[in-house]
Amino acid sequence: MSRVVNVMRMQLMNRWTFIGIPLAILVSVLGMSWVIWSFIPYDGVKYSGGSQAPMWYFLALGIQSLTMTFPFSQGLSISRKAFFLGTVSLFAIIALAMTAIYYVLSLIETATNGWGVNGRFFALEWIAEGSGFPMMAFYFTAMMVLFLIGFWAATIYMRWQTTGLLITGIGTGLILVGLLFYTTRQDLWNQVGQFLGNQTQLSVAGWFAVVGLALAGGSYLTLRRAVP
């Protein structure tokens with residue numbers, strides 16, 4: 001456990017990367033959205049997808065968390081298991097903190113009539129419906145999936161270099177195209193639409209959790225063979 005905690009401390013040497021930049025992105029995008037909303041001569045609800053911006057940064061953060069510190073950790077004789085557990089645990093804490101921020105700001109947004117201009121940045125329809133737990137579960141699992149995608153991509157590159165990353169990307173693309181082709185040939189789009197329409201925040205969070213566990217397992221297995 002002490003080695004896992006040491007890895008978390010080592011990662012936090014880059015506090016600006018893990019904490020400062022996500023908060024800076026969130027504040028700046030919210031500010032720009034408010035300015036745009038205030039200029040729109042419309043009394044109805046004004047939406048913004050800017051809340052996704054910090055979440056997409058976590059994809060890059062997953063890459064940086066490996067490439068910036070893994071070689072250094074190996075020089076300190078930290079096991080790959082401890083590095084993996086420490087890095088993922090740290091990000092889970094950061095994702096949980098960001099999720100709490102999103103939830104609190106969604107309450108403030110609702111209480112202030114969309115920051116005084118009827119804007120919707122955090123309290124988006126469907127995501128913010130019902131109690132706070134489904135919304136928080138959705139945001140937390142989404143952030144974890146994005147982080148783990150970046151982390152596994154970095155481990156694949158470190159293990160097999162550009163060739164491995166290219167083959168993985170092409171293979172993933174072919175699988176997706178194959179699924180689209182099969183759905184079209186079997187005329188299943190109505191069923192797909194009904195399935196997606198019946199999903200709730202918690203069910204989507206559950207699917208994200210399954211994907212996240214698969215990504216975490218793949219990342220760890222690849223990291224065991226990665227060359228720093």
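When residues in the stretch 166-194 are screened for being more than 25 Å from Trp152 (Cα to Cα) and either loosely packed, with under 10 Cβ neighbours inside 10 Å or among the small types (Gly, Ala, Ser) (or both), 6 of them pass. Exactly one residue out of Arg3, Arg15 is modelled with pLDDT under 90, among the basic types (Lys, Arg) and farther than 21 Å from Met144 by Cα: that is Arg3.
Of the residues examined, Ser106 is one that is surrounded by 17 or more Cβ atoms within 10 Å (Cβ to Cβ), hydroxyl-bearing (Ser, Thr, Tyr) and at negative phi.
Just give me the residues in the stretch 68-80 being under 17 Å from Trp152 (Cα atoms) and either surrounded by 14 or more Cβ atoms within 10 Å (Cβ to Cβ) or small (Gly, Ala, Ser) (or both), in sequence order. Steps first, please.
So the first thing to find is which residues in the stretch 68-80 are under 17 Å from Trp152 (Cα atoms), and the list is 68-71, 80.
Answer for the stretch 68-80, where residues must be under 17 Å from Trp152 (Cα atoms) and either surrounded by 14 or more Cβ atoms within 10 Å (Cβ to Cβ) or small (Gly, Ala, Ser) (or both): Met68, Thr69, Phe70, Arg80.
Set side by side, the residues Ser65, Ser131, Ser77, Ser48 differ, and just one is over 17 Å from the mean Cα position of the chain (by Cα), within 30 Å of Ala226 (Cα to Cα) and at pLDDT below 90, which is Ser77.
Can you confirm whether the stretch 204-221 contains a residue that is more than 20 Å from the chain's Cα centre (by Cα) and among the small types (Gly, Ala, Ser)? Steps first, please.
The initial filter retains those residues of the stretch 204-221 that are more than 20 Å from the chain's Cα centre (by Cα), namely 221.
Add one more test, that the residue is among the small types (Gly, Ala, Ser), and what stays is none.
Looking for residues that are more than 20 Å from the chain's Cα centre (by Cα) and among the small types (Gly, Ala, Ser), one finds none in the stretch 204-221, hence no.
Listed here are the residues, each with its yes/no results for (1) touching a strand residue (DSSP E or B) at 6+ places or on another chain (Cβ under 7 Å); (2) hydrophobic (A, V, I, L, M, F, W, C); (3) modelled with pLDDT under 90; (4) not in a helix (DSSP H, G or I).
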{"site": "Leu146", "(1), (2), (3), (4)": "no, yes, no, no"}
{"site": "Trp152", "(1), (2), (3), (4)": "no, yes, no, no"}
{"site": "Arg159", "(1), (2), (3), (4)": "no, no, yes, no"}
{"site": "Thr183", "(1), (2), (3), (4)": "no, no, no, no"}
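Annotation note: Cβ proximity below 7 Å between a residue of the stretch 129-149 that is among the polar types (S, T, N, Q) and a residue that is part of a helix (DSSP H, G or I) (sequence gap 6+ or interchain) occurs for Thr141/Ala205; Thr141/Phe208; Thr141/Ala209; Thr141/Gly212.
Here's the yes/no breakdown for (1) without any contact (Cβ under 8 Å) to a residue 24 or more places away in the chain; (2) within 14 Å of Gly150 (Cβ to Cβ); (3) touching a helix residue (DSSP H, G or I) at 6+ places or on another chain (Cβ under 6 Å):
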residue: Val27; (1), (2), (3): yes, no, no
residue: Phe39; (1), (2), (3): yes, no, no
residue: Tyr47; (1), (2), (3): no, no, no
residue: Gly62; (1), (2), (3): no, yes, yes
residue: Leu66; (1), (2), (3): no, yes, yes
residue: Ile101; (1), (2), (3): no, no, no
residue: Thr110; (1), (2), (3): yes, no, no
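For the subset of the stretch 150-165 comprising residues that are buried (at least 18 other Cβ atoms within 10 Å of the Cβ) and either free of Cβ contacts under 8 Å to residues at least 12 places away in the same chain or not small (Gly, Ala, Ser) (or both), which member is nearest to Tyr102 (Cα to Cα)? Give the derivation first.
Here is the first cut: in the stretch 150-165, the residues buried (at least 18 other Cβ atoms within 10 Å of the Cβ) are 150-158.
Still in the running and either free of Cβ contacts under 8 Å to residues at least 12 places away in the same chain or not small (Gly, Ala, Ser) (or both): 151-152, 155-158.
On the way: Phe151: 23, Trp152: 26, Thr155: 30, Ile156: 32, Tyr157: 33, Met158: 34 Å.
Selected residue: Phe151.
The values are calculated or read from the model by the stated rules, or taken from the named source; none is laboratory data. Owing to the predicted nature of the structure, the values given are computational and were not obtained by experimental measurement. Please note: Cβ atoms are built from the backbone with ideal geometry, for glycine as well, and neighbour counts cover all protein chains shown.
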